[in-house]
Amino acid sequence: MRTYLAFSLIVLLMITPPSVTNVHAYSDHPDLFVSAENSLFENHFSGAMVIEVIVRDSNIKPIDQQQGEPTVTLNGNQLRMVQSSDGNWYAFFANVDKAKQADQISLAGLAGQNLDFGVFCDRSTDPSVLGISFSQTDGVAIPDSNGLTGTTQGTTAFNSCTG
């Protein structure tokens, strides 16, 4: 049975080296779209930006047939994709440290000056909890704890979630 994630933002959190403030983003395949790919900014992104990745491949687009997840990697690690009702495959990622800092600001309640990432779960969270393994990431942000335990917010170290 196929599970669809309809417009819930799941953000994979990846570590970039501390000395790197801007990260180069690009795609080298015609079916792959990376939102940070922009020659005006030399394909760089920084801070707590959430980068969207879309795979638009007619060979794996039908939603009435079981399809395997496309293989997309980020720094050699698998970027988990989910298929939408439009047939395209989507993933989102952000820098883990910058996302946690932005989420910490949202906890302070500064209206109009925050980016709430929801709650975080560690990469060691059992795949049965979220329905998929995130072992090749540093963690995952989900919109709401929705009955999960062990979630964290802000700059707190990630925990394995259960529930």
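The values are calculated or read from the model by the stated rules, or taken from the named source; none is laboratory data. In this text the structure is predicted, and so the values were computed from the model without any measurement. Every residue, glycine among them, receives a Cβ derived from its backbone with ideal geometry; neighbour counts consider all protein chains shown.
Yes or no: residue 106 not hydrophobic (A, V, I, L, M, F, W, C) and not in a loop (DSSP other than H, G, I, E, B)?
yes
Pick from 99, 94: which is assigned to a helix (DSSP H, G or I) and under 19 Å from residue 36 (Cα atoms)?
Result: 99 is the single residue among 99, 94 that is assigned to a helix (DSSP H, G or I) and under 19 Å from residue 36 (Cα atoms).
Return a yes/no flag: does region 33-49 have any residue that is modelled with pLDDT under 70, hydrophobic (A, V, I, L, M, F, W, C) and surrounded by 16 or more Cβ atoms within 10 Å (Cβ to Cβ).
Looking through region 33-49, none of the residues is modelled with pLDDT under 70, hydrophobic (A, V, I, L, M, F, W, C) and surrounded by 16 or more Cβ atoms within 10 Å (Cβ to Cβ).
Residues in region 109-147 that are part of a loop (DSSP other than H, G, I, E, B) and either touching a helix residue (DSSP H, G or I) at 6+ places or on another chain (Cβ under 7 Å) or at positive phi (or both): how many?
Final tally of qualifying residues: 13.
Go through region 123-137 and report how many residues are surrounded by fewer than 19 Cβ atoms within 10 Å (Cβ to Cβ) and either among the polar types (S, T, N, Q) or closer than 25 Å to residue 47 by Cα (or both).
Selection size over region 123-137: 6.
Can you pull out every residue in region 121-163 that is free of Cβ contacts under 8 Å to residues at least 40 places away in the same chain, under 18 Å from residue 80 (Cα atoms) and among the charged types (D, E, K, R)?
122, 123, 126
What number of residues within region 55-80 are at pLDDT 90 or above, closer than 17 Å to residue 37 by Cβ and within 12 Å of the chain's Cα centre (by Cα)?
1
Can residue 118 be described as closer than 21 Å to residue 47 by Cα, in contact (Cβ under 8 Å) with a residue 40 or more places away in the chain and in contact with a Pro (Cβ under 6 Å, 6 or more places away or on another chain)?
yes
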